[in-house]
Each structure stands twice: as structure tokens, then as C-alpha cells.
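K.L.:
Sharing a structure with you now.
The values are calculated or read from the model by the stated rules, or taken from the named source; none is laboratory data. In this text the structure is predicted, and so the values were computed from the model without any measurement. Heads up, the Cβs are rebuilt from the backbone with ideal geometry, glycines too, and the neighbour counts pull from every protein chain shown. Note: accessible area is taken over every heavy atom of the protein model, side chains too, but ligands, DNA and RNA are not part of it. Shrake-Rupley method; radii C 1.70, N 1.55, O 1.52, S 1.80 Å.
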Amino acid sequence: MSTPEPRVRLLGPFVTPWSLKRAARELLLSERLGIYVDEIVRQQTPVGRPVLRIDRPRDVVIREQARRRTEDQLPLIVLACPGSVDVRHRASDGTYTGTLRLEVHAVTAVSGDDVGAETASLLALGAANLLLHELPRATGFQVRWLGVLAGDPPELEGDGDAALDGHDDRLLHAEGHVLAVSGVLLSDLGGPLPLDLRDPPLEDLPADPGELPSVEEIALTTTPVEEIDP
């Protein structure tokens, strides 16, 4: 049995939508997305046809909304977290559990409509599957799939032909999926702080819990032992 060192918090826990989007981006950039996409292609390839590899996204970006910028390289994965689905208060331990809406969009610009639409569809589904399976292990949050987003490609910033960055807007294709990410978002544990406690200057070290009440998390791991009857 091993007992890791307790993690002492002055306040918290606190989780921002940005931290979840950043964790999702790191997973999508970890050179595993292609494995999911290739498996989707393999399952959807009829017998007798060769298994084709789909172009990987050139970047994964975080936006407040699903939009792309003129300097973005395509294919592109866009992560957006437009808000929460629900928030509940558990009075027993002072924690607020909630569910954040995480959108995963794939944007492509290919000369052939069928190729562009299929590529966007495969990339979006592959990204959603990767996050569905691996985001809980990376963050400890529960993740469930809510469905497919239908609609036009994400809005493009800029004006006129220059904004299209060499692409006709009719050649842009996009597809998105919605995930629900649930867990403890914040807590009223650890407060309120004493009135005489002041924020230290920026050049000083961060606030030290010191003698203040703290929240401790202790994780215990055990090794199963098989019992043998005599």
C-alpha cells in the first residue's frame, strides 16, 4: 500500500473552462488522433477497397466560439467551451458540481466537396472519440457524448477575398461534436479567509496557507490479495 503526499490547498478546488480546453488540446496534439481516425476509416471502408489515411489537422486551437482566422492552416480542429449545461450544489461537502459543454469542430478546405466533407466528418468524429476515452484519465472528469453539431463552417475573421486566404468559401467544410464534461468545478471549502490576510506583492512568493485551515486530499492504492482456502 502506498500513500502519496497530501495536496494542501489554501482554497478550492477550482476548475476553469480554459484548463479543460487546454487539456483537450494537449491530448489532440499527442500524435494519437491519427490512430482513432485510421480506425474509423478502416471500419467504414468496404471490403476490397484500400484503407486510405486522412490528412491530420495542422493545428488544434482554442476559441471562445467555433471560428477560424485567416492565418489558420487547414485542416484544423477548433475547441470551444461556450458555457455550462447545468450546475448543482452539494451542501454536504460544499462543492459545486457542474457540466461544461465542450465543442470539437473540424474544418477543411478541399477542392472536391465529397473529399472535404468526408475529411471534416472523420476528423471531428476521431477527435470526439479520443476525448471521450482519454480526457477522463487526464483530468478525472466524466465525459459523455451529446451528439453532432450541424450547420455552416465556423465563421471566418476578416473581409473579402483576402479573408478567404485563397479558399472559396464554398469549399470550406466543417463538422462538430458536443461533449459534456462533468465534475467538481469549484468549492466553498477553505474560506472565508481572515480579514487581515492581504494579497502579497507580485514580486513576492504566492500566499502560503501557513496555519490557515486547509483542504487535504489523500489517495490510497491497494494491491488485491487472493485468499486461498486451506
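K.L.:
Select from the stretch 24-107 those trypsin sites (Lys or Arg not before Pro) which occupy a DSSP coil region and have at most 12 other Cβ atoms within 10 Å, ordered by residue number. Spell out each step's value before the answer.
P.N.:
Working: sites: Arg25, Arg32, Arg42, Arg53, Arg58, Arg63, Arg67, Arg68, Arg69, Arg88, Arg90, Arg101; in loops: Arg32, Arg53, Arg58, Arg69.
Passing both the DSSP loop test and the Cβ count: Arg53, Arg58.
K.L.:
Mind ranking Arg56, Arg137 by accessible surface for me, highest first, 1.4 Å probe?
P.N.:
Order by accessible area, largest first: Arg137, Arg56.
K.L.:
Go through the stretch 21-108 and name the GluC sites (Glu not before Pro) that are in a DSSP coil and have 14 or fewer other Cβ atoms within 10 Å of their Cβ. Please report the intermediate quantities before stating the final value.
P.N.:
Details: sites: Glu26, Glu31, Glu39, Glu64, Glu71, Glu103; in loops: Glu31, Glu64, Glu71.
Answer in residue order: Glu31, Glu64, Glu71.
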